[in-house]
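Step one of this worksheet: look at the structure below.
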Amino acid sequence: MKNFFKHLIEWKMSACAVFTAAIFIYLSFCLVYDIREVSTGVLWGLFWVSAASSLIQAVCFSEWIIKKLRYTWRSLLFVLLFLPLLSFAAWKTHWFPTGQTGAWVMFIGVFFFVFAVMTVGFDIYFRVTGRKYDGLIGRYRKEKEEEEMND
């Protein structure tokens, strides 16, 4: 039960972070399209998409359900699950002029741009973190070897 609540709190924090980012992205587009008001329908849509995307992210990028799968396949699975959900929410809640092909092209383009930036960001983070831990493990092993020599 303790593990369940730990994962629930992680999901909640992730959903909040995604919702905040979604609001900022949406507000940026409001500036571009000169929209001065945000409807509660849009806010609810962003909320539910944020909650669902955090769950999809947990399924795709943790070992909660999928134990062994390459990062590339996990990324593809995330796109295949999330993009249709996001597109449906955008269409249903009218995040942008859904009757315009150019708006859909921009929507899909922004999706893949944000996805690419996040993927590169996570890759850099994991490489830096991995090097840090490799260094710590190396230092620990060296200290253990020195202790064994001194004993």
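Of Ala89, Ala103, all but one fail to be of a type in the set (A, V, I, L, M, F, W, C) and under 16 Å from Ala21 (Cβ atoms); the exception is Ala89.
Which members of the range 60-90 meet the condition of being basic (Lys, Arg) and out of contact with any Cys (no Cβ under 7 Å at 6 or more places or on another chain)? Lys67, Lys68, Arg70, listed by residue number. When the range 1-30 is filtered for residues that are more than 21 Å from Phe82 (Cα to Cα), open to solvent by 100 Å² or more (accessible area, probe 1.4 Å) and not hydrophobic (A, V, I, L, M, F, W, C), the ones remaining, listed by number, are Lys2, Lys6.
The residues of the range 52-94 that are out of contact with any Ser or Thr (no Cβ under 7 Å at 6 or more places or on another chain), open to solvent by 30 Å² or more (accessible area, probe 1.4 Å) and under 18 Å from Cys30 (Cα atoms), listed by number, are Lys92, Thr93, His94.
From the residues in the range 31-51 that are in a helix (DSSP H, G or I) and over 14 Å from Ala90 (Cα atoms), which one is most open to solvent (accessible area, probe 1.4 Å)? Spell out the reasoning first.
Here is the first cut: in the range 31-51, the ones in a helix (DSSP H, G or I) are 31-32, 40-51.
Retained after the next criterion (residues that are over 14 Å from Ala90 (Cα atoms)): 31-32, 51.
Details: Leu31: 137, Val32: 104, Ala51: 13 Å².
Checked the range 31-51; the qualifying residue most open to solvent (accessible area, probe 1.4 Å) is Leu31.
The values are calculated or read from the model by the stated rules, or taken from the named source; none is laboratory data. Just so you know, these numbers come straight off a predicted model, no measurement behind them. Every residue, glycine among them, receives a Cβ derived from its backbone with ideal geometry; neighbour counts consider all protein chains shown. Keep in mind that these areas ignore ligands, DNA and RNA; they rest on the heavy atoms of the full protein, side chains included. Shrake-Rupley method; radii C 1.70, N 1.55, O 1.52, S 1.80 Å.
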